[in-house]
Amino acid sequence: DEAAGAEGGGETAAKAVSLWEDVAELGSFGQELKGKFQKEEDIKVDDIAVGVGNVDVSDGGDAKPKAMVVNPWDVEGEIDYNKLVDKFGSQLLDEELLRRLEAAVLKIGKVKELHPWIRRSIFFSHRDLNRILDCVEKGEPFYLYTGRGPSSAAMHLGHLVPFMMTRWLQLAFDVPLVIQMTDDEKFLWKGEYIDGDDNLDHYRGLTVENAKDIIACGFIKEKTFIFSDCEYVGSMYPNIARIWKAVTYSTARAMFGFEPSSNIGQSAFPAIQAAPSFPSSFPVVLGAKRDSKMACLIPCAIDQDPYFRMTRDVAHKLTPADHPLGGKPALFHSKFFPPLQGATGKMSSSDDSSAIFLTDSAEEIERKIKSFAFSGGQETSKLQKELGANLEMDVSYQWLRFFLDDDEELEKIGKDYGSGSGEFWATGMVKNRLISILKDMVKEHQERRAEVSESVVSEWMAERKLTFE
C-alpha cells in the first residue's frame, strides 16, 4: 500500500518502491516456508494460502480453487453469482424489470431515483419481484420482511446491507415492515449448557443491542415492527404448525443438510423463519386474517434463499387461492459484502480483522483499512502505472461500490485505478477515499444509536397496529 500510494518522485517514492521490492521477495520465502511446513507432521497447511487468490493447499502442495459453498450458515470460496442463480433457480434483474421498478417508485414520489445498489447490480437476483410490481400498479398492498440473527453485540457493515436496502424500499413504496430477531436460532446453533444453566438469555440480550443498531438505520417507526422469536412466537405458532405439517423431514434434510447429530430445534427452526412470510402471522400488527391476500417482499442476502424456497413450496397451503402471488413470498437478493482480506466470500463477526464494526473508532477504521484491506494493485508503482489494478479483487474499490453514492466519482476512481493513471491511480488514494467515507458513515450511525435507549427499543418491539394504506 505504501508503494502504490506514493506519488511523484523523490525520496518518499523511492523508499516506497524499495519497500514493495522487499515485500515481493517474501513470495519465494513463503513458498519455502510452505515446503518446510509440509514436512512437519505437527503443522497443518490446509488453510495456508500462498500468493493472490482463494486457494486450498493440500498435503501434496498443489493449489486448487476452493469450492463455492453457499447456504444459510456457511459461505466459502470464490462466488460465481451466475452459477448461484442457476443453482438456486432465481432470476437476474433485467433491464425491463429495472425500468418497471424505477417507474413504480418515481410515480409514488418518495424517492428520486433507484438505489445505487440496484443500479450497480449489488441487489441482482429475485423471485417474483415482477409480481410485487403488479401489486403496486394495481394498488394492492404488500409488506416487507427481513431479519437478523443476533450473534454479537456489535454489528458490522455487512450486517447493515439488507437493512439499508430495506429502509429504501420502505420509503420508496411507503409500506409496512416486520423485522424478525432470531435469538432462538442463535441459541439452537451456538448455545451452551454450563453448570446446569444455559446462555439463551445472552442471545435475547443481543436482540436488544442489535435492535438499537437497526433502529438507528432510520426506519419509519409507525410502519415498523421489530420482534424477538422468543417473545412473539405465540402469535406465529398456528402458521409454524401448518408449515411443520406441510414439509417432510426428508425435504428439510435435503435442503438444509440436517444430520443425525442436529438437535431437534434446528430441524424445526426453518418453519419459524418461514412464518413471517405470511401476513396472518401478524393479526394485530398487519390486521391480517387467514384470508389476507397481502403480498410479502423479502430483501436478503442470497444465502438465505433456501429458507424461502421451502416456504414458497408450501405457501399455497397457508393462503387463499386468489392470493396475487399464490401465497408465495417474493425475494430480492443481494450479493455478499466482502471481508477485508479478499473480495470473495462473506464478512464474519467472528474475525475482528475481517470487518469494520459499528462500534469501531475512526482510528480503528483507518488502521483496519490500511492494514487488512486486500489490494488489487500491482506489486510496484511502475507495474501499477503500466497495468493498473484488478478492480474485482480490490476490497477498497468493492466497498466503494457499496458506500460511495456518487456514480460519477465511482466511475472516475474505477477508471483511474484500473488504468494506473489519474488522481486515484494507486491503492493508497483509493483506501484514503474509502476511509473518509467510512469514518463519516460510522460516526453518524453511532450518534443516532446513542439516542436509542432500551425504552425506545421496547416501543419499536411493542405489538401494535402499524400505519399503512
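For segment 240-358, calculate the relative contact order in percent as a whole number, restricting contacts to Cα pairs under 8 Å that are 6 or more residues apart.
21 percent
Can you pull out the GluC sites (Glu not before Pro) in segment 209-262 whose DSSP state is coil and whose Cβ has at most 16 other Cβ atoms within 10 Å? Show your work: numbers first, answer last.
Working: sites: 209, 222, 231; in loops: none.
Sparse-neighbourhood loop GluC sites (Glu not before Pro): none present.
Set the bar at 28 Å for Cα to Cα. Now go through 112/223; 87/223; 138/221 and name every pair that lies beyond it.
87/223, as the Cα separations exceed 28 Å there.
Of the GluC sites (Glu not before Pro) in segment 392-429, which ones lie in a loop per DSSP and count no more than 11 other C-beta atoms within 10 Å?
Loop-located and lightly packed - 392.
For residue 440 paired with residue 415, estimate the spin-label separation in nm (one decimal), with each label point 7 Å from Cα along the Cα-to-Cβ line.
Going from the residue 440 label point to the residue 415 one covers 2.2 nm.
Within segment 175-202, whose backbone N sits under 18 Å from a point 7 Å along Cα→Cβ of residue 154?
none
Each reported figure results from applying straightforward, stated rules to the coordinates on display, with no laboratory input. These numbers were taken from a predicted model, which means no experiment stands behind them. Note that we place each Cβ from the backbone using ideal geometry, even for glycine, and neighbour counts take in every protein chain shown.
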